[in-house]
1. If the requirement is being in contact with a helix residue (DSSP H, G or I) (Cβ under 8 Å, 6 or more places away or on another chain), in contact (Cβ under 8 Å) with a residue 24 or more places away in the chain, farther than 25 Å from GLN116 by Cα and not hydrophobic (A, V, I, L, M, F, W, C), which of these qualifies: GLN51, GLN29, GLN22, GLN58?
2. Under the condition of being farther than 19 Å from LYS138 by Cα and over 13 Å from the mean Cα position of the chain (by Cα), which residue from the stretch 45-67 is surrounded by the most Cβ atoms within 10 Å (Cβ to Cβ)?
3. Among the candidates VAL128, VAL99, single out the residue that is within 30 Å of GLY147 (Cα to Cα) and not aromatic (Phe, Trp, Tyr).
4. If you take the residues of the stretch 87-105 that are in a strand (DSSP E or B) and of a type in the set (Ser, Thr, Tyr), which of them is nearest to TYR45 (Cα to Cα)?
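A short reminder: the numbers here are calculations on the coordinates, not readings from a lab. Everything numeric in this text was worked out from a predicted model, so none of it was measured. With ideal geometry, Cβ positions are generated from the backbone for all residues, glycine too; neighbour counts draw on all protein chains shown.
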Amino acid sequence: MMWPHNGHGCRQLERRRRIDDQQRTSELQEGEFVFRRGEPAIELYTIVSGQVRLFGTQRGKDVTVSILEPGTFFGEMALSGHHPRVVSAQATADTILSVIRPEALRELVTEPLVWQVIQRMGDRINDVEQQFEKLRAKDEIRLEHLGQLLQWRSKEGSGVRPF
């Protein structure tokens, strides 16, 4: 029995093939870095299997931002240009990633307005992450000053003045 030809189904298969052609697979062992803070954001990732930890540093210590599971995409800052990464990404288990460059994704998005929306969302994410970094840096300075004041206060009780 022949199934009726459906042009919509063929278009979906062709689109899926084009997406597959634009992606590559990256295999990481536990502990390997996907990227490090400060590196340019040039690729978007989807976790096929394994687990990835996103983290930054605060007061010299690693601070986990998120633990990502299979099916999750990350690295979306790549959609808004080659901005530096504000966090690091590290495999916390043996991990397989699907990797795509924004230029390849752009080829798949045929509607210019949709691509503009995607880029604008990437810009907004980048702006929020930069503001977060500024606030985090201010908090670090405030904590350092608070520590100095507390030390001064404890010395003041012993009759020692800081000046």
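1. Just a single option satisfies the conditions, and that option is GLN58.
2. GLY50
3. Residue meeting the stated conditions: VAL128.
4. So the residue we want is SER98.
Let's see how each residue does on (1) exposed (fewer than 14 other Cβ atoms within 10 Å of the Cβ); (2) on the phi < 0 side of the Ramachandran plot; (3) of a type in the set (Gly, Ala, Ser):
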{"site": "GLU69", "(1), (2), (3)": "yes, yes, no"}
{"site": "HIS82", "(1), (2), (3)": "yes, yes, no"}
{"site": "VAL86", "(1), (2), (3)": "no, yes, no"}
{"site": "SER98", "(1), (2), (3)": "no, yes, yes"}
{"site": "LEU105", "(1), (2), (3)": "no, yes, no"}
{"site": "GLN119", "(1), (2), (3)": "no, yes, no"}
{"site": "ASP123", "(1), (2), (3)": "no, yes, no"}
{"site": "ASN126", "(1), (2), (3)": "no, yes, no"}
